[in-house]
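To start, the structure under review is shown below, and the notes come after it.
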Amino acid sequence: MSPASSIQVSNPNPLKTEGRPSHWVDEEGTAFKNPWKSWREHDWRDQLYIVFKHSKQCPTAPENISELIPARKPTWTGKSTDELKLKAMWMGHASFFVELPARSCIVDSTSTPSRGARILFDPLFSERCSPIQWAGFKRITPPACQVEDLPEIDVVVISHDHYDHLDEGTIAKLAALPRPPQFFAPLGNLTILKSFGVPEDNCHILDWWESRRVEVLVSGTDKSSEPVSIAFDLTCTPGQHNVGRNFTDRFKHAKSLWSGWVAREVLPESQSNAAKTVYFAGDTGYRAVLDGQDENQVPVCEAFQQIGNKFGSIDLAMLPIGAYLPQRYMSPVHCSPKESALVFKDIRAKYGIGMHWGTFVLTTEPIMDPPKKLKEACEEVGIKEGSFVCTDIGQMMFYD
């Protein structure tokens, strides 16, 4: 089995659409907008605030930040009984490592796969999320590891092009691996991925609701057996956000798209009801709240109920809970902990892990508020204790 043939990407269920999608600005699908009633464009007041006031109001990390947000050295494997569990590790900020259960997609497979499919979501291992590495937002906590410490990765998934989600240094290293993964990103991101060194054949650029099937050949637990096929479907899902790596990227309209992603195991028909499903939200807002408005009286983004209706149930959701203040500026693009709890319910999630906090100081809320507010929000909206939590960096979580 050659490295180049170990991963196959196909499109068994092409998306059928009629007319121009509501998030396309033009007929070609090269410019995009938020189609939601919950969306609000930033106005001149917001622009003045971000230029002249925002950075002065952001908090400073306390000296004991490493105690408040511990970083563990990752352990990639668990007990032998954990191989049939879904695994997920928060690696800092919005970066996640996910390994699906080690189950074959072939009905008559006589061998057990040695591992499940492995996915990296929005990997970012650099010191800064910035156009340059000597200035800009700097980590207050370390990443779980570096690229060279990772086990073999099958797929890298990107939610959008902001520097804290699409990192050139990390992507370039992943693309240069002896067995490079396949890369998935929403529309408009092919050129930038190629500029980071990703071969075009390894790039898969999707629109909202489009899916691809990823099939991976891995060794069996019996080393003398033939390689075993494991598979999952990856779907690009809608959200409420924006894009841009410089001021010209959003001139008139966004030139690339933002998204979340759903990965669902592909199992033999007789076992399909047991397939695990994970949802990665990327960056998203839930509603847009102006100063003085009652947040409970403004429209909320329809995308999350649509996701819940389409997939029925999400076994694990990775949801942003930080970078939400000041509310006027941040609410259109970032969820507060309470809003993430509402997203959790909209998508019908069983378990959730909070992300997009505790790594970079991007906004004005106190650094340790997101996990505290998340716990309060879960109690308020009726989410069972322990179902939606925050973890240590590098902590592997297991889900039956």
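The values are calculated or read from the model by the stated rules, or taken from the named source; none is laboratory data. Quick caveat: nothing in here was measured; it's all calculated off a predicted structure. Please note: Cβ atoms are built from the backbone with ideal geometry, for glycine as well, and neighbour counts cover all protein chains shown.
Quick notes
- Only one of the listed residues (Ile153, Ile171, Ile132, Ile158) is at pLDDT below 95 and not small (Gly, Ala, Ser). That residue is Ile132.
- From Gly358, Gly386, Gly352, Gly292, residue being within 17 Å of Gly239 (Cβ to Cβ) and either surrounded by fewer than 24 Cβ atoms within 10 Å (Cβ to Cβ) or not basic (Lys, Arg) (or both): Gly352
- Whichever residue in region 186-212 is touching a residue at least 60 places away in the same chain (Cβ under 8 Å) and assigned to a strand (DSSP E or B) and, among such residues, is surrounded by the most Cβ atoms within 10 Å (Cβ to Cβ): Pro186
- Matching residues in region 189-209 - criterion: being hydrophobic (A, V, I, L, M, F, W, C) and at negative phi: Leu190, Ile192, Leu193, Phe196, Val198, Cys203, Ile205, Leu206, Trp208
- Sole exception among (1) surrounded by fewer than 18 Cβ atoms within 10 Å (Cβ to Cβ); (2) modelled with pLDDT of 95 or more; (3) part of a loop (DSSP other than H, G, I, E, B) for Trp76, by number: (2)
- Taking the criterion of being aliphatic (A, V, I, L, M) and modelled with pLDDT of 95 or more, the residues of region 105-126 that qualify are Ala117, Ile119, Leu120, Leu124.
- In this structure, Lys338 does not qualify as closer than 24 Å to Phe97 by Cα, basic (Lys, Arg), in contact with a helix residue (DSSP H, G or I) (Cβ under 8 Å, 6 or more places away or on another chain) and modelled with pLDDT of 95 or more.
- Candidates are the residues of region 295-309 that are in contact (Cβ under 8 Å) with a residue 60 or more places away in the chain and of a type outside the set (S, T, N, Q); the one that is surrounded by the fewest Cβ atoms within 10 Å (Cβ to Cβ) is Pro299.
- Within region 262-305, restricting attention to residues that are of a type in the set (Val, Ile, Thr) and within 26 Å of Met89 (Cβ to Cβ), the residue that is farthest from the chain's Cα centre (by Cα) is Val266.
- Every test in (1) in a helix (DSSP H, G or I); (2) surrounded by 19 or more Cβ atoms within 10 Å (Cβ to Cβ) is passed by Ala172 save one, and that test is (2).
- Just one of (1) in contact with a Cys (Cβ under 7 Å, 6 or more places away or on another chain); (2) closer than 26 Å to Pro101 by Cα; (3) part of a loop (DSSP other than H, G, I, E, B); (4) not acidic (Asp, Glu) fails for Phe183. It is (3).
- Any hit, region 240-257, residues being under 28 Å from Gly116 (Cβ atoms), under 20 Å from the mean Cα position of the chain (by Cα), of a type outside the set (Val, Ile, Thr) and crowded, with 23+ Cβ neighbours inside 10 Å: no
- Hits in region 385-394 (condition: closer than 11 Å to Ala341 by Cα and either touching a His at 6+ places or on another chain (Cβ under 6 Å) or assigned to a loop (DSSP other than H, G, I, E, B) (or both)): Ser387
- Any hit, region 218-233, residues being in contact with a Phe, Trp or Tyr (Cβ under 8 Å, 6 or more places away or on another chain) and either touching a residue at least 60 places away in the same chain (Cβ under 8 Å) or closer than 30 Å to Pro59 by Cα (or both): no
- Some residue of region 100-114 being on the phi > 0 side of the Ramachandran plot and assigned to a loop (DSSP other than H, G, I, E, B): no
- Trp261, sole failed condition from (1) part of a strand (DSSP E or B); (2) crowded, with 24+ Cβ neighbours inside 10 Å; (3) in contact with a Lys or Arg (Cβ under 9 Å, 6 or more places away or on another chain): (3)
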